[in-house]
Amino acid sequence: MTLQLRPDHLAVLKAIGSSGPILVTELVKSSDLNRGTIEAAIGTLVQDCHVNREVNTEITYQLTERGKEAATDGLAERKIIASIRDEAVHMKDLADQAGLSKGDMTAGIGILRKAGLISINKGQVILDKPEKADEFSKDIENALKALLQGTVPEDTDLIEQMKNRNFIEEVEKTNVTVSTKLTKAKIKKIKAVEEVTRLTPKMLADGSWKDVSFKPYSVKTKPRVLHAGRYQPYRQFIEHLKRKLIGLGFQEMKGPLIEQEFWNFDALYAPQDHSAREDNDILLLKEPTHGQLLDEDYITNVAAAHEDGWTTGSIGHQYKWDPRKAARLLLRPQGTAISARTLADLEPPAKYFSVARCFRPDQIDATHAIEFNQTEGIICDPDITFRDLLGMLKTFAVEVAGAEEVRFRPDYYPFTAPSVELSARHPVLGFVEFGGAGIFRPEVTKPFGIDYPVLAWGLGVGRLFMTKYEISDIRELYSQNLNWLRSEKASAGMEVNS
Amino acid sequence: MPTIDISIEDICRLMGLDETLSPEELDQKVAFAIAEVDSEPEGPDENGHTKIAIDVKTSNRPDLWSAEGIARLVRGQLDQPGLPPLDAEPSGYEIEVDPSLEEVRPYIAAAVVRGLDFDDFLIKQMIQIQDKVDFSFGRRRKRSSIGIYNINMIESPISYTSVDRDFKFVPLQFDQEITVDEIFEQHPKGIEYAHILEDYDKVPMLIDGNDRVLSMPPIINSNDVGRVTVESTDVLVETTGTNRDAVLVALSCVVQALRDRGGQVQSVEIKYPEEYAAENEITPEQKLVETEIKPAEINTYLGTDLSNEEIIELLRKRRNDAVDQGDTILVKSPPWRKDILHWVDISEDIAMAMDYNRIEPTQANVVTAGKVDVSTEDENLIREILIGMQLIEVMDYTLTDPEILSTKLNREFDAVGRVAVEIANPVTATFSMVRNEILPILLSFESKNTHVDYPHRVFEVGEIVSKEDDRILTKTHVAVLLSGANETFETISSVLNTLMRLLDLDYELEVNDLELLLEGRRADIIVQGVPVGHIGEIHPSIITNFGIEVPMSALEIDLTRLPGYRFQAYDTNLNS
């Protein structure tokens, strides 16, 4: 297998091969390549095991500031010797003559006295042993000069002396030595091949890709983040829900967000003084406050049904129905308003559903909201019964919530009789309220010309979504958190799994 | 509707049970009364009562808004089927009603209950019945209100009359006589309920045979006469109001509960003036509510196969009585069952008595084709195209803060108020307007995400409401907002171009003067000569208003204006 190396890496390997084990600093000195290139090359060569690297530290010495001064200017004692060699000089003049500070002069005199080379008589400094003096401290001077060039003396006595005089300090020096086991012959066989970072169209066009090598990437490096386009998770959950309902034969219905009390209450047989119609239970409009009722028979029929039951067989609510109250506008508080609108044009058999945005005044916290979705619908067929309603609710619990066990309880709505509450068993939470339903009262259906039973149902799917996504705060459904929208893991369906 | 506080030990005794049920067992029992346990139990306290809250779901059965009422119904399936006791000997008390009350507060009912053993607990339970029935059923005392008095020292005949506003008496918890007007200004209950009587020159007053003021219905009792204490044994209960049925039902809620507590009920005669009432009344009402049902019809409706005998037995479990008439059954219900309007209400009693969980569900064979609305299909097409351009979908609130639609956009509020729906009674200003466009909401969304790395490329397809001429229209819009150092007119233009190309729509851009967008970089989107939306760079001052520091470009389209697509504007006043 022919080894290939980039040209500069090969040059470094060759240099190491011919020199044998060598200090990196030496290698840098002797090479044309710059230090950075050499060090990078060594890095790769070591990684690929072509080169060995040994690191050892040694104690060495370097000049202090004082040492540098002494090296360049000369030692105090030698200057004094030069000054007094021919003739004694008085102490008061010696500093100037020798070109020394008073302090240095005193130090120098001290050293010479200790060495027995001078004597002082009446202030006169006299050189006693000129021949000895010539050589005195010359070794230190030479050593200092050598240190300026980067050469460290080996004499331990000398080192000790220089240390004591604060000319040098100890430093730790790291020496990096590189060597290779590859023989020169082997090295000769290595091909120098250009390394590139990218394959280009030109290389493909002219085939030059064969002559280069591709810089290896660290495959474990974390890649740059790519933000995918995402569906809003709650929205998509609702789409999955719609699919399930379609699978059960339901057709979608839609309606306006701003409703008339007629469709939301009167058509659903809530008496006009029902507490749910009070101003603190619904959201009203500033302007316009009222809409216009349609000019249809069913309006008159509904009015009569309220007043005395009309032909429904009911005794009615027994009050005077006010069309102006029915024309009052509000933000839709329940999806059943859409079902009421659908009654106006109904042909059995029919199964309808809607997922409607609804609005009610409420506190705003983790479990309450002013704005929320409701899923509801109707089933109409001449032969349908209350038992069929229970059956449909059970199917919803199984198909939509994935629950296996259901429980029914008595419930109340102004527009249904009988009314039933549906609970479904959650594997962890136990029985959880899942929906409500009933058979529309004849006072609701007959005014629209419907003479057969219409089943009405509603499901709470927001909770399913929150369980699935482990959300405990209802405010996260209409999430304002872009990070969550970007990265919440995609989920294929509605299943609330483990 | 209301939530009531009861004692578990007490309701179990009322139900005739030997032991005290657990909260779960209690929940199962009260389901029969269309109620459920709604809190954790607290206690027991030093009197041996464990407090728990019960949520009663009906708005038309105030007789069930008390421990006594729930127990009364539950016992129908335990040891007391059939009608509850309704007997009442005459008490000898009469109430004379003055004709002047016809316009103000025409109806009154009353009863005397004797031989009661009051303690603090029972007094509190009675006050709770009064509060809940007055508030929810009595529509905050306007439709009906309840008064309870210690009958000692009250003499017949009682006069239910009206007085001028300068009439004086000592209201409860005061120590001096003050006028009616002063009560409305100074007394807490006067202040709270003054509005019920504010339109009238004269106000109702209940005065006994010795000219002593009992109360000013529905506002406040007098301080000196008729206070119920733990020493009391005999009480007078009265109800007044504007709806005769409501007044009668409200009376029975209290009276029947006191009967269940061991009291002996006596009737009171109400002498109405000829001017407005057909006849006098003896209250509490004893006339049963009668409904004739056809068993065949009931069985078809419920999907059951019950015999007449079975139906009658089930009805008795719900405290009714019934007479087998062969093809029909005559159902007799207690007088307070004014919630029964139609035989479907009887069918509900029958079904509830069966226990819904024992009715075998069936699967109807209603064969229909399921489908989404055509506009949903078109919405999903657009969403898919935008996802395909790596945009992230947002689903935000439809309600918003008026500032987001006005000041933050450098727009005058008045102009916005003309086209956007404003809520008259909002919970908070933050959600007091309905959005008439989506881009401002996306800008607000972006202002909350300035710490998230850019670029942000988001969109929403959603509903808006817009007032156009005299119409209120619910429509679907799409809005795209691009934020980042490199987002410009060009980048949003590419998005629009791809979107329209994939929707197979030719379009043109024409320079506009929309202040939301930066001059020189803004345009209307025109399809077949009709402006359907706008596109451009968001104006820097608006970006700054939202506290954002990167450039933004955007588009918004009213999807109902796209030809060939099936979006519909829903007009509140029409039904298409």
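Using only Cα atoms, figure out Rg for the stretch B:504-576 and give it as a multiple of 2.2 N^0.38 Å.
Dividing the Cα radius of gyration by 2.2 N^0.38 Å gives 1.36.
About the Cα centre of the stretch B:363-427, what is the dipole size in debye to 20, counting +1 per Lys and Arg Cβ and -1 per Asp and Glu Cβ, all else neutral?
Roughly 60 debye for the stretch B:363-427.
Could you tell me which residue out of B:Thr376, B:Leu26, A:Tyr352 lies farthest along the dipole of the protein assembly as shown toward its positive end? Charges go on the beta carbon: Lys and Arg +1, Asp and Glu -1, centred on the Cα centre.
B:Thr376
Using the Cα atoms of the stretch B:430-469, I'd like the radius of gyration and the largest Cα-Cα distance, Dmax, both in angstrom.
12.7, 43
In whole Å, largest first, what are the principal axis extents of the Cα atoms in the stretch B:349-460?
Here the spans come out as 63, 42, 30 Å, largest first.
Would you please calculate the Kirkwood hydrodynamic radius of the stretch B:271-391 over all C-alpha pairs and express it in Å, rounded to one decimal?
One over the average 1/r among Cα pairs gives 18.8 Å for the stretch B:271-391.
Grab every C-alpha pair in the protein assembly as shown, bin the distances at 10 angstrom width from 0 up to the longest one, and report whole percents.
2, 8, 13, 15, 13, 10, 8, 6, 5, 5, 5, 5, 3, 2, 1, 0
Test of understanding: express the Cα radius of gyration of the stretch B:87-196 as a ratio to 2.2 N^0.38 Å, with N the residue count. Walk me through the numbers on the way to the answer.
Details: Rg = 15.6 Å, N = 110, 2.2 N^0.38 = 13.1 Å.
Dividing the Cα Rg of the stretch B:87-196 by 2.2 N^0.38 Å gives 1.19.
Show log10 I(q)/I(0) for the stretch A:214-267 at q = 0.27 Å⁻¹, two decimals, from a solvent-free Debye sum over equal Cα scatterers.
Relative scattering, expressed as log10 I(q)/I(0), comes to -1.04.
Rounded to the nearest 5, what % of the DSSP beta bridges within the protein assembly as shown are antiparallel ones?
Roughly 90 percent of the beta bridges in the protein assembly as shown run antiparallel, per DSSP.
Round to the nearest 10 and give me the degree value, 0 to 90, for the angle of helix B:188-197's Cα axis relative to the longest principal axis of chain B.
Rounded to the nearest ten degrees, it is 80.
Please report, in whole Å³, the volume per residue of the convex hull around the C-alpha atoms of the stretch B:412-483.
Working: hull volume 7.9 nm³, N = 72.
Cα convex hull per residue, to the nearest whole number: 110 Å³.
Helix-only mean residue ellipticity at 222 nm, the protein assembly as shown, DSSP H runs n ≥ 4 weighted -39,500 (n - 2.57), per residue, nearest 500. What is it?
Values: 36 runs with 335 residues, N = 1074.
That calculation yields -9000 deg cm²/dmol at 222 nm.
What's the whole-number percent of alpha carbon pairs in the stretch A:398-478 lying beyond 18 angstrom?
Here the tail beyond 18 Å accounts for 52 percent of pairs.
Of A:Lys325/B:Lys202; A:Lys351/A:Lys446; B:Lys57/B:Lys338; B:Lys317/B:Lys338, which sit over 23 Å apart, Cα to Cα? The partial results should precede the final answer.
On the way: A:Lys325/B:Lys202 28 Å; A:Lys351/A:Lys446 18 Å; B:Lys57/B:Lys338 17 Å; B:Lys317/B:Lys338 18 Å.
Long pairs (Cα-Cα over 23 Å): A:Lys325/B:Lys202.
Across 20 Å bins from 0, what is the distribution of all Cα-Cα pair distances for chain B, in whole percents?
Once binned at 20 Å, the Cα pair distances of chain B give 17, 32, 28, 21, 2.
Would you give the gap between the C-alpha center of the stretch B:438-517 and the C-alpha center of the stretch B:219-281, rounded to a whole Å?
Each part reduced to its Cα centre gives a spacing of 65 Å.
Give the carbon-plus-sulfur fraction of the accessible surface of chain A in %, rounded to a whole number; probe 1.4 Å, heavy atoms of protein chains only. Mind showing how you got there, number by number?
Working: 12210 of 25010 Å².
That fraction is 49 percent.
Based on the Cα coordinates of the stretch B:172-306, what is the per residue volume of their convex hull in Å³?
Value for the stretch B:172-306: 214 Å³ per residue.
Please list, short to long, the whole-number percent of alpha-carbon pairs of the stretch A:289-359 in consecutive 10 angstrom bins beginning at zero.
16, 38, 39, 6
The stretch A:1-148: Rg/Rh from Cα coordinates, Kirkwood Rh? Before the final figure, lay out the partial values.
Working: Rg = 26.5 Å, Rh = 19.7 Å.
Using only Cα positions, Rg/Rh for the stretch A:1-148 is 1.35.
Round to the nearest 10 and give me the degree value, 0 to 90, for the angle of helix A:35-47's Cα axis relative to the longest principal axis of chain A.
Taking Cα atoms only, the helix is inclined about 70 degrees.
Taking every pair of distinct Cα atoms and averaging 1/r, then inverting, what Kirkwood hydrodynamic radius in Å comes out for the stretch A:315-422?
It is 16.7 Å.
What residues from the stretch A:57-84 fall in the zone where the backbone N is under 14 Å from a label point 7 Å along the Cα-to-C-beta line of A:Glu170?
A:58-62
Per residue of B:138-151, count partner chain C-beta atoms within 10 Å of its C-beta, then hand back the mean as an integer. All intermediate terms of the calculation are to be shown ahead of the outcome.
On the way: counts 0, 4, 2, 0, 1, 2, 0, 0, 0, 0, 0, 0, 0, 0.
Partner Cβ neighbours, averaged per residue: 1.
Largest first and in whole Å, give the semi-axes of the stretch A:264-326's equivalent ellipsoid, each being the square root of 5 times a Cα gyration tensor eigenvalue.
Values for the stretch A:264-326, descending: 22, 15, 8 Å.
Would you work out which of A:Thr375, A:Gln318, A:Thr289 lies farthest towards the positive end of the dipole of the stretch A:235-380, given +1 charges on the beta-carbon of Lys and Arg and -1 on that of Asp and Glu, about the Cα centre?
A:Thr375
Solvent-accessible area per residue for the stretch B:124-172 at a 1.4 Å probe radius, Å²?
On the way: 1980 Å² over 49 residues.
I get 40 Å² per residue for the stretch B:124-172.
How big is chain A on each of its three principal axes, counting only the C-alpha atoms and giving the largest first in Å?
147, 71, 43
So the label point goes 7 Å from the Cα of B:Glu198 along Cα→C-beta, right? Which residues of the stretch B:421-462 then have their backbone N under 12 Å from it?
Label zone hits: none.
In the stretch A:432-474, which residues give up 10 Å² or more of accessible area once the other protein chains are added, compared with their chain alone (1.4 Å probe)?
The answer is A:Glu433, A:Ile439, A:Arg441, A:Pro442, A:Pro453 - residues whose exposure falls by at least 10 Å² when every protein chain is included.
Working from the pairwise distances between different alpha carbons, so that the mean of 1/r is found and then inverted, what is the stretch A:94-229's Kirkwood radius in Å?
23.1 Å
Report the semi-axes of the equivalent ellipsoid for the stretch B:247-318 in whole Å, largest first, where each axis is √(5λ) for an eigenvalue λ of the Cα gyration tensor. Working shown, then result.
Numbers: eigenvalues 247, 72, 16 Å².
Value: 35, 19, 9 Å, ordered largest first.
Report Rg (one decimal) and Dmax (nearest whole number) for the stretch A:166-220, counting Cα atoms only, units Å.
21.4, 70
I'd like the trypsin sites (Lys or Arg not before Pro) in the stretch A:192-300 restricted to DSSP loop residues with at most 12 other Cβ atoms within 10 Å, sorted by number.
A:Arg198, A:Lys220, A:Arg224
Any idea of the total accessible area buried by the A-B contact, 1.4 Å probe, rounded to 100 Å²?
8500 Å²
The values are calculated or read from the model by the stated rules, or taken from the named source; none is laboratory data. Values in this document were obtained by computation on a predicted structure and should not be read as measured data. Cβ: placed from backbone, ideal geometry, glycine included. Neighbour counts: every protein chain shown. Just so you know, the surface numbers come from the protein's heavy atoms only, side chains and all, with ligands and any DNA or RNA stripped out. Shrake-Rupley method; radii C 1.70, N 1.55, O 1.52, S 1.80 Å.
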